[in-house]
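Only one structure is covered here, and it is reproduced in the block below.
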Amino acid sequence: MKEFVLLFRAPGLNKNDVSPEELKAMEKRWMDWAGGIAAQGKLASSGQRLSQEGKVLKAGGVITDGPFVEIRERLGGFFVVRANDIDEATTLAHGCPVLEYGGSVEIRPIYG
Amino acid sequence: MKNEEEDLKYLFQQEFAKMVAVISRMYGLQYIETAEDIVSETFLLATETWKEKGVPPNPTAWLYVVAKQKTLQYFRRNKIFEEKVIPQLTSTPEKEEEADLDFSQQHIKDSQLQMMFAVCNPAIAGEAQIGLALRILCGFGIEEIAEAFLSNKETINKRLFRAKEKLRSENIKMEMPAENEIAHRLDNVLHIIYLLFNEGYYSQTQNQILRKELCIEAMRLAIMLTEYDKTNLPKTNALMALMCFHASRFAARENKEALVLYEEQDENLWDKNLIEQGMHFLSLSAQGNEMSSYHLEARIAYWHCIKEDTKEKWNEILSLYNQLLMINYSPSVALNRTYALYKANGQEEALREAEKLKLESSHFYFLLLGELYKNIDNKKAKLNLKKAFALAKTQTEKQSIQNRIDDF
């Protein structure tokens, strides 16, 4: 078994646009999907969710409050999964809720 | 007469743990076997004397006096006290005169807590540790331990011997861990208590009294931890809540022949008092930010105390199982999670997920598949039940699976 990181990217979510019920439903979809990977014993590390705010340091010491407005998909978090190869890791990524919101999952092998 | 014998057995079991803890605290864990011998001899003398003269009005006081004498005799006679123990003692030599075992309630309690941390030291991990806990912390006899593990006396004796060797070679001391270490060291103590409880709750042995006793002992140890400020943490209370909720179903899950499955239990037999206790500990566990696996399992167990099936119930249970799996994977949790998924999100989604699990050595897996294929593909449902039948270990299990096959 090798380890792969799944990087979740999604368009920024304005929490004012979604009702608490929708938010709860999104949370449930997310947990059910992650639970499905964990149930196969293939989740190596989970729950690393990133805040929507942050800072970016650029060359020349320029600090901005994030590039997040400039790019369509911001990094929302990551999982580390165990799989035999990248195809299996990609199969695990299927059903990820970010795909429903116009986001993407990037699958990258970890050296080791 | 029978009752009196049982009372004595219970008394000895309780006092064994206390007295061994106090003696070992005084002389050090390297003499733990001596302490066991002294206490056993004390019980022997008690049984003989009490048979003739009757049980004294205060039997524990009697035991303490005799144990004190025997302890002093042993250590004096062998000059162990002067030559080995005194040089080890850090306090003043006048201690020799006062070298008197302190059997006050507080001292017993402190000694037992220290013994818990000593026995649950990660250095002696493994099967031997639970055995040692049963012997030293719960006062179980070798025969009972062997029965609980479906093993024999010889094997258990060997295991205990090795564990005690380890206590010596790792130089484990009877003391409370430093303040900043307690929370971390407590994890191991809680884990052993959890294993003890599970050993009783899910044990293979048919001896229902023994199984129940294991569970009660585990709860007794956890209560001791809740009575001491520094170990009375949210996770301790979460474990306590979990055990209360499970224990509330003792009467309902047992009948003469076999275990009664949750779905078939008569909830009037659930112990309301224990459920209330569980709620009490559950609310105490909700302080602070830590979400231990005990918190999650306690909440799952809580939801199982509500018999009525609601959407909310199964959504909650599913979410808790998801979180539990993310902390710690185990095949049985994966199966339970898939069952909750079935109840919460429906048969088809659960079937898709179940097919991914590939837990093909477990008959529970094929039972679940059998259930999930029902009405979707009855042929496959039956096939899976047959696989479950082939893998089932006990006759009772086989019979209940056969009944389900016959239902098709």
Within the stretch B:384-408, can you find the residues that are within 14 Å of B:F364 (Cα to Cα) and aliphatic (A, V, I, L, M)? B:L385, B:A388, B:A390, B:L391, B:A392, B:I401
Give the residues of the stretch A:14-70 that are surrounded by 12 or more Cβ atoms within 10 Å (Cβ to Cβ), modelled with pLDDT of 80 or more and outside any helix (DSSP H, G or I), sorted by residue number. A:V18, A:Q40, A:G41, A:K42, A:L43, A:A44, A:S45, A:G54, A:V56
Would you confirm, using the coordinates I've provided, whether A:M31 is under 24 Å from B:T338 (Cα atoms) and more than 11 Å from chain B (Cβ to nearest Cβ)? no
Does B:I223 meet the test of being of a type in the set (V, I, T) and surrounded by 14 or more Cβ atoms within 10 Å (Cβ to Cβ)? no
Turns out the helices (runs of 4 or more DSSP H) fully within the stretch B:304-373 with at least 3 residues that are within 12 Å of another protein chain (Cβ to nearest Cβ) and surrounded by fewer than 23 Cβ atoms within 10 Å (Cβ to Cβ) are B:311-327, B:331-345, B:347-357
Residues satisfying the stated conditions in the stretch B:318-373, i.e. among the hydroxyl-bearing types (S, T, Y) and either out of contact with any helix residue (DSSP H, G or I) (no Cβ under 8 Å at 6 or more places or on another chain) or closer than 25 Å to B:H295 by Cα (or both): B:S319, B:Y321, B:Y329, B:S330, B:S332, B:T338, B:Y339, B:Y342
Scan of the stretch B:260-278 for residues that are buried (at least 16 other Cβ atoms within 10 Å of the Cβ) and either within 18 Å of B:F197 (Cβ to Cβ) or of a type in the set (D, E, K, R) (or both), ordered by number: B:W270, B:D271, B:L274, B:I275, B:Q277, B:G278
Some residue of the stretch B:381-400 being assigned to a loop (DSSP other than H, G, I, E, B) and on the phi > 0 side of the Ramachandran plot: no
If you go through the stretch A:1-28 one residue at a time, how many are without any contact (Cβ under 8 Å) to a residue 12 or more places away in the chain, more than 14 Å from chain B (Cβ to nearest Cβ) and more than 21 Å from A:S51 (Cβ to Cβ)? 1
If I ask for residues that are surrounded by 15 or more Cβ atoms within 10 Å (Cβ to Cβ) and outside any helix (DSSP H, G or I), which ones from the stretch B:174-212 would you list? B:M174, B:M176, B:P177, B:S203, B:T205
Give me the pairs: first residue in the stretch A:35-59 and within 18 Å of B:Q323 (Cα to Cα) and within 9 Å of another protein chain (Cβ to nearest Cβ), second residue in a loop (DSSP other than H, G, I, E, B) and modelled with pLDDT of 80 or more, beta-carbon distance under 7 Å, and six or more apart or on different chains, which are they? A:A38/B:Y329; A:G41/B:Y329
So B:A298 passes all but one of these: (1) more than 14 Å from every other protein chain (Cβ to nearest Cβ); (2) surrounded by fewer than 21 Cβ atoms within 10 Å (Cβ to Cβ); (3) touching a Gly at 6+ places or on another chain (Cβ under 8 Å). Which condition number does it fail? (2)
Any residue at all in the stretch B:111-126 that's surrounded by 15 or more Cβ atoms within 10 Å (Cβ to Cβ), within 18 Å of the chain's Cα centre (by Cα) and assigned to a loop (DSSP other than H, G, I, E, B)? yes
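The values are calculated or read from the model by the stated rules, or taken from the named source; none is laboratory data. Treat the numbers as computed from the prediction; the structure is a model and nothing was measured. Neighbour counts run over all protein chains shown; Cβ positions are idealised from the backbone, glycine included.
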